[in-house]
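Have a look at the structure below before the remarks.
The values are calculated or read from the model by the stated rules, or taken from the named source; none is laboratory data. Quick caveat: nothing in here was measured; it's all calculated off a predicted structure. Methodologically, a virtual Cβ is constructed for each residue, glycine included, from the backbone with ideal geometry; neighbour enumeration extends over all protein chains shown.
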Amino acid sequence: MEGLTLAPMGVLLSLVFVGSMSMLFRWMFTVPPLMPRLAVTARRSVTTLRRILVPVVEAVASERAVELAARMGEAQKAAIILANVVEVPLTMPLTAPMPEAEARGKEALDVARTIVARHNLPVSTRVVRERHAADGILRIAREEEVNAIVMGIGVKRRLMPAQIGSTIMEVLRRAQCEVVIDKAPLPGGTTPLTLRPHHHTEQPPANAAPPPGQA
């Protein structure tokens, strides 16, 4: 074709168009890699957490558990149920006034509600009276039909099995839903505390003969 000229700008635009279309078609027809079946199951099990129960007390470990529960439920806008169990001694009626314990529980619930509010999640609170905290936690879990219970534990040294509280052990043993236990890190890292070696200097008997040259 005589008289046909190619403008540099037109050639450049054509190349850009062809390159863009090639990348588009490549993206459209590329099959994404399949996720392992176990990974898919694990992902779905977390996203099905719609109602999460967090027992709270006046402790940093409890506040950490609230924050953890809120982050676990943030993506699916899960409802967070904050619970405080007032433990009534066996020597007192269940309805006996316990103003100090009730005041501490209210303060702990207020702090926990503030933590959840930062995540814009629906939140509700429950206060129950029981002889043992585990009974109250499990009762609320059943009544609220929760999908998970998140509890915190704080320790000052490396945790031993015997140091795990009876409340946590009972919840782990009897709960029908998922249970997540969050252990706060050790102060200053994860290095366990060790005892200083005791250097003992043996003293000679009082009636022992002095060494030669010291008589």
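Annotation: N120 fulfils all but one of (1) in contact with a helix residue (DSSP H, G or I) (Cβ under 6 Å, 6 or more places away or on another chain); (2) over 19 Å from V179 (Cα atoms); the unmet one is (1). Select, from V128, V146, the only residue that is assigned to a loop (DSSP other than H, G, I, E, B), modelled with pLDDT of 95 or more and more than 17 Å from E63 (Cα to Cα). Testing whether each residue is assigned to a loop (DSSP other than H, G, I, E, B), modelled with pLDDT of 95 or more and more than 17 Å from E63 (Cα to Cα) leaves just V146.
The rows are residues; the columns are (1) in a helix (DSSP H, G or I); (2) at pLDDT below 55; (3) within 23 Å of A59 (Cα to Cα).
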residue	(1), (2), (3)
L138	yes, no, yes
R142	yes, no, no
V171	yes, no, yes
V179	no, no, yes
L195	no, yes, no
H200	no, yes, no
A206	no, yes, no
A215	no, yes, no
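Applying the condition of being modelled with pLDDT of 75 or more and charged (D, E, K, R) to segment 17-65 and asking which residue is surrounded by the fewest Cβ atoms within 10 Å (Cβ to Cβ) yields R26. Taking first residues from segment 58-82 that are without any contact (Cβ under 8 Å) to a residue 24 or more places away in the chain and partners that are of a type in the set (V, I, T) and surrounded by fewer than 17 Cβ atoms within 10 Å (Cβ to Cβ), no Cβ contact under 8 Å between residues at least 6 apart in sequence or on separate chains turns up.
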